[in-house]
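Okay, structure first, notes after.
Since every read-out is calculated from the coordinates, none of them should be taken as a lab result. All values reported here derive from a predicted model rather than from experimental measurement. No Cβ is skipped: glycine too gets one built from the backbone with ideal geometry, and neighbour counts run over all protein chains shown.
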Amino acid sequence: MNANTPPPVAPPAPDRPSSPAAAHPRRWAALAVVLLAETMDLLDSTVVGVAAPSVRADLGGGSTGLQWIAAAYTLSFAVGLITGGRLGDIVGRRRMFLIGLGGFTATSALCAGAPSIGLLIAARAVQGLFAALTIPQTYSVVVSVFAPAERGKAFGLFGPVMALASVGGPIVAGALIEADPAGTGWRAIFLINVPLGVLAILGALRYVPESRAERRPGLDPIGMVLVSAAVLLLVYPLVQGRESGWPAWTFASMAGALPVLAAFAWWQRRIARAGGSPLVVPSLLAKRAFTGSLLVGLVFFAAMNGLILVFGLFLQIGLGWSAIHAGLASAPIALGVVFGAVAAGAVLVPRFGRAVLHAGAVVMAAGVAGLSLTLHQVGADADAGQLAPALLVAGIGMGLVLAPFFDIALASVDEHETGSASGVLNANQQLGATLGVAVLGTLFFDAAAGSHGPRRAGAYTHALEQTLWVVVAALALVLLTAFLLPRRPREEEHGVSAETPPPGRPAIDPTSPPPAAAAAAADPSGAHR
């Protein structure tokens, strides 16, 4: 690729993603650029559990610091997603895609060079914000370069690529840390983003055309501030509380999130009545099925992401396994996700609808319970082969839930609400991931507190057993609250349709259709997504 060659002259980009468009002559190269950006984001979400113990050994920071390395990224990603999509509509998706990629690449270098845990956490937060500028543009970029007849094929590639990234991410992270190139250690997992990011930027400059929304929405800075404040009031004390001894301010902060959320809801209604562009269409919150899906998604993604993080920390901090050993031991989860998602999307969801969500929650709970029972039986002497069957079952359950979740959750919303609903579901997914890291991480480290010397492995094993039963309880809540959701997914969403965005990503245009869950199921980090 010659970076000095000017970008090709693109045909006029469609003002709306759903409008017919002639195929761009270099559309497959543009798709490769988009997939590279998605892969970078997914890798950055999945490698932290493997790298965190090495980070602590180098920079210190304790258990709270480890939680914030993961939570800072997903938290800033969550609060920036909807605004990131709107900025693309207003100033141009290609432009925002390039700004996001440039910032993500630069902050990856800052993460790699961080001299302290505090600066690493700050860099991760900024990195999440730039990811929130990048990822919402990917759907519209694909729609703008592919003719309607080819879009299904293009979006169909998201699933395999994201599955490969999710399976390979922890393994690649472990291998990089183990190889210690040029003495970089854990820093290599962030440094690798620099050449990948430069490649993606050059590709976007050459192959990605510009497009904007026909009806450009306005920004809602007050709504953004209110929802960000509410999330911080809730998450910050959950992560910091254990280290601080749970003083009164932690409970006051969590309670304070409720009136701020109420103020946010009031402001959204006011913006809508004035004919503006609220972050959340107020009518969505009056739909029981949609609010039920928010609860299901929040609890499920919290359980899933918290489980993946604490399991990776247990293997390295508790059992003393190497990073590559821990990464390989975690692979059955991702493999199970792919298997469960394919089975659900191809066979089960069209026939059984919402029942697949219930089955997935039960199967995942069985796998998590099986993992706890296995650890109780073999203790700190567990090996990867003994843990693999339960991990595989848990992963299959994850895939069964992930495959139909977005489509079923969006079945109750009206056409004009799908863009807002998709963005809210994706932000809710990232918020769930953040809460899972905060709550399950706190429970895990609390149960293992004070463990040193020869009893350390046993204490961490017991701590993980207790945490796993909390995950089982959360999945029981998912099973029950899933009855609030519609029985069937949207009729047009049994497969990846020609106008369906990739899974777990917000639809940018308010008139565009909801995300396809087929590819979302391939992303066990939730990234995303």
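With no solvent and one point on each alpha carbon, what is the Debye value of log10 I(q)/I(0) for the chain at q = 0.07, 0.12 Å⁻¹?
-0.35, -1.08
Can you tell me how much longer the chain between Ala355 and Arg273 gets when fully stretched, taken as 0.36 nm per residue apart minus their C-alpha distance, in nm with one decimal? Walk me through the numbers on the way to the answer.
Numbers: separation 82, 0.36 × 82 = 29.52 nm, distance 3.80 nm.
Between Ala355 and Arg273, full extension yields 25.7 nm more.
Which FRET efficiency value, to the nearest 0.05, is calculated for Ala109 and Leu328 with the Förster distance at 25 angstrom and r the Cβ-Cβ distance? Could the numbers behind the result be given before it?
Values: r = 28 Å, r/R0 = 1.12.
With R0 = 25 Å, the Cβ-Cβ based efficiency is 0.35.
Computed FRET efficiency, Cβ-Cβ of Arg487 and Ala346, R0 22 Å: what is it to the nearest 0.05? List each step's numbers first, then the result.
Values: r = 20 Å, r/R0 = 0.89.
That gives a FRET efficiency of 0.65.
Take the Cα of Arg216, step 7 Å along the line toward its Cβ, and report every residue of segment 278-300 whose backbone nitrogen sits under 19 Å from that point.
Answer for segment 278-300: 278-279.
Suppose a student asked you for the relative contact order of the chain, using Cα pairs under 8 Å spaced at least 6 residues apart; what percent would you report? Don't skip to the answer; put the middle values down first.
Working: 1072 pairs, mean separation 120.1, N = 529.
Computed value for the chain: 23 percent relative contact order.
Label points 7 Å out from Cα along the Cβ direction at Val91 and Ala149: separation in nm?
3.8
Determine Rg/Rh for segment 220-276; Rg is computed over alpha-carbon atoms and Rh is the Kirkwood hydrodynamic estimate from the same atoms. Mind dumping the intermediate values first?
On the way: Rg = 13.9 Å, Rh = 12.1 Å.
With Rh from the inverse mean 1/r over Cα pairs, Rg/Rh is 1.14.
Which whole-number percentage describes the relative contact order of segment 220-276, with Cα contacts under 8 Å and a sequence gap of 6 or more?
So the answer I get is 45 percent.
Projected onto the charge dipole of the chain (+1 at Lys/Arg Cβ, -1 at Asp/Glu Cβ, origin at the Cα centre), which of Ala474, Leu307, Phe445 gives the Cα projection farthest towards the positive end?
Farthest along the dipole direction, towards plus: Ala474.
What nm distance separates the two modelled labels at His376 and Lys287, each placed 7 Å from Cα along Cα→Cβ?
Taking the simple label geometry, His376 and Lys287 are separated by 4.2 nm.
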